Amino acid sequence: MKDIALEIWSSLRRNKLRTCLTGFAVAWGIFMLIVLLGAGHGMFNAFIYSGEGFASNVMTLFGSVTTKPYNGYNQGRHVPLMSDDADLLKKGSLGDNVDEVSTRLNKGGFTLTYGQKHFNNISLNGTFPGAELIESEEILAGRFINNLDIKHSRKVIVITDLLARKILADKRDYDRVIGEKLKIGDLMFTIVGVRKVEENSNEHSEIVPYSTLKTIFKYGNEVDRISFTFHGLPTADDNEAFEKRVKAVLNTKHHAAPDDEGALYIWNRFTQNQQINKVTGILEAALWILGLFTLMSGIVGVSNIMLITVKERTHEFGIRKAIGATPWKMMRLVMSESVVITIFFGYIGMMLGLVACEVMNATVGQQSLNLFGDEIRLLKDPFVDIGTAIGATVVLIVAGTIAGAIPASKAARVRPIEALMSSGR
């Protein structure tokens, strides 16, 4: 074993440049594979992170425009959602699948005053109890809207933690603002809760009881959206069939054709998650394919360099066989060189790839993109599982061994007399 190690070291040392170039191809292949997988996982994690805070079994309805005439009404008519539409979702066959239902009425352009502090362009969201479950609102202090708030149209408000920190001069003792008074227009509202929003978001939407917003500011029964959680719809086909039933019921109420797909728009979190999972699966497969092709370039480089080595050492191999070296010993020598190059430079590429993932996390992973007022993370935790990295490196080593087998078999077939005659020419 010691003799083989010395021979390998001697051979690699005599061909430093060639060895380094081959090693670079191997290291680059495993490096790019790990970086691509890390970036891909970072994007997938960012998708998942941006979707946190919402239940996966949620549908949200929005009013839209009819696409066909019906019952004396022309197409192109706007279909508004009304507060009593929510009641239809809990009745009949729809109610068998619907759990919590909540509506939202959003009005903006308010000025909010706290003491001597003024906050402009504040929007108010009028909603019902249960919305915190549907949209997984995290209450940091106090409580959410309750049934008594709705019944008595109480002037209470649930503010964001961003507004709370402005009131508290950047402090996070949110319990201190509970019970404090805010002035909106000419009316005083009592803070009953503080909810969490994204740290870098431009969220200036405060929550009040739906009945309060509707009564005090004299709005009608129209709402901006209706959200509800559901159960018993395990497949995409079940979801599609249920959406058609919902549209048929509400379309009929609003004098639109039951089969008019454009009269109402339904945003379905369940089917969206399915689409995201399908896309991420395709992207991950594409990243693996691209990374493996990059890895193959390194393997081809190893095979080519060993073929050149065998050709240059034909005379040496002939002498070795003439003095008794067996074909297996010749193959073992060549393949050992291939394995050493692959292991050494593959390990370097793996470690550099893991370091690059750490750098990505510390730089791009801490940045976000503002899209339509929402902060979207570019990457989140762009890491590769150490088991995956080691597995890829093992695959590289095995492939490097196989790549060295072809030139090794050629070395084993060298005939001593032909090698000595070719060296004399």
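The sole residue among 249, 197, 223, 279 that is out of contact with any Cys (no Cβ under 9 Å at 6 or more places or on another chain), among the β-branched types (Val, Ile, Thr) and under 30 Å from residue 173 (Cβ atoms) is 197.
Residue 84 meets all of the listed conditions (1) at pLDDT below 90; (2) loosely packed, with under 14 Cβ neighbours inside 10 Å; (3) farther than 30 Å from residue 57 by Cβ; (4) not assigned by TED's automatic domain parsing to the domain that holds residue 221 but one, namely (3).
Can you name every one of the strands (runs of 3 or more DSSP E) wholly within the range 177-250 that holds 2 or more residues which are of a type in the set (Lys, Arg)?
Counting at least 2 such residues, we get 181-184.
Every residue, every condition in (1) assigned by TED's automatic domain parsing to the domain that holds residue 155; (2) within 22 Å of the chain's Cα centre (by Cα), yes or no:
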residue: 215; (1), (2): yes, no
residue: 224; (1), (2): yes, no
residue: 241; (1), (2): no, no
residue: 252; (1), (2): no, no
residue: 257; (1), (2): no, no
residue: 280; (1), (2): no, yes
residue: 285; (1), (2): no, yes
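Set side by side, the residues 142, 185, 130, 179 differ, and just one is farther than 30 Å from residue 367 by Cα, within 30 Å of the chain's Cα centre (by Cα) and not assigned by TED's automatic domain parsing to the domain that holds residue 82, which is 130. Restricting attention to the range 86-130, the residues that are touching a strand residue (DSSP E or B) at 6+ places or on another chain (Cβ under 8 Å) and under 19 Å from residue 250 (Cβ atoms) total 13. Search the range 361-380 for residues being touching a strand residue (DSSP E or B) at 6+ places or on another chain (Cβ under 9 Å) and of a type in the set (Gly, Ala, Ser), and hand back the single one that is modelled with the highest pLDDT. Among residues in the range 361-380 that are touching a strand residue (DSSP E or B) at 6+ places or on another chain (Cβ under 9 Å) and of a type in the set (Gly, Ala, Ser), the one modelled with the highest pLDDT is 365. Return yes or no: is residue 326 β-branched (Val, Ile, Thr), under 22 Å from residue 386 (Cβ atoms) and modelled with pLDDT under 85? No: the conditions fail for residue 326.
The set of residues in the range 329-349 that are farther than 19 Å from residue 402 by Cβ and modelled with pLDDT of 75 or more contains only 348.
Applying a threshold of 6 Å to beta carbon distances and a minimum spacing of six or more residues, or different chains, the list of pairs starting in the range 103-114 at a residue that is more than 16 Å from residue 62 (Cβ to Cβ) and ending at one that is among the polar types (S, T, N, Q) reads 108/123; 111/120.
So is residue 358 modelled with pLDDT of 75 or more, assigned to a helix (DSSP H, G or I), outside the structural domain of residue 251 (by TED's automatic domain parsing) and not hydrophobic (A, V, I, L, M, F, W, C) or not? Taking the combined requirement at face value, the residue satisfies it. Hey, any hits in the range 218-240 for a residue that's of a type in the set (Lys, Arg), closer than 17 Å to residue 108 by Cα and surrounded by 19 or more Cβ atoms within 10 Å (Cβ to Cβ)? No; the residues of the range 218-240 include none that is of a type in the set (Lys, Arg), closer than 17 Å to residue 108 by Cα and surrounded by 19 or more Cβ atoms within 10 Å (Cβ to Cβ). Of everything listed in (1) assigned by TED's automatic domain parsing to the domain that holds residue 218; (2) surrounded by fewer than 19 Cβ atoms within 10 Å (Cβ to Cβ), the single unmet condition for residue 93 is (1).
The values are calculated or read from the model by the stated rules, or taken from the named source; none is laboratory data. Model, not experiment: these values are computed from the prediction. As a convention, Cβ positions derive from the backbone with ideal geometry for all residues, glycine included, and neighbour counts pool all protein chains shown.
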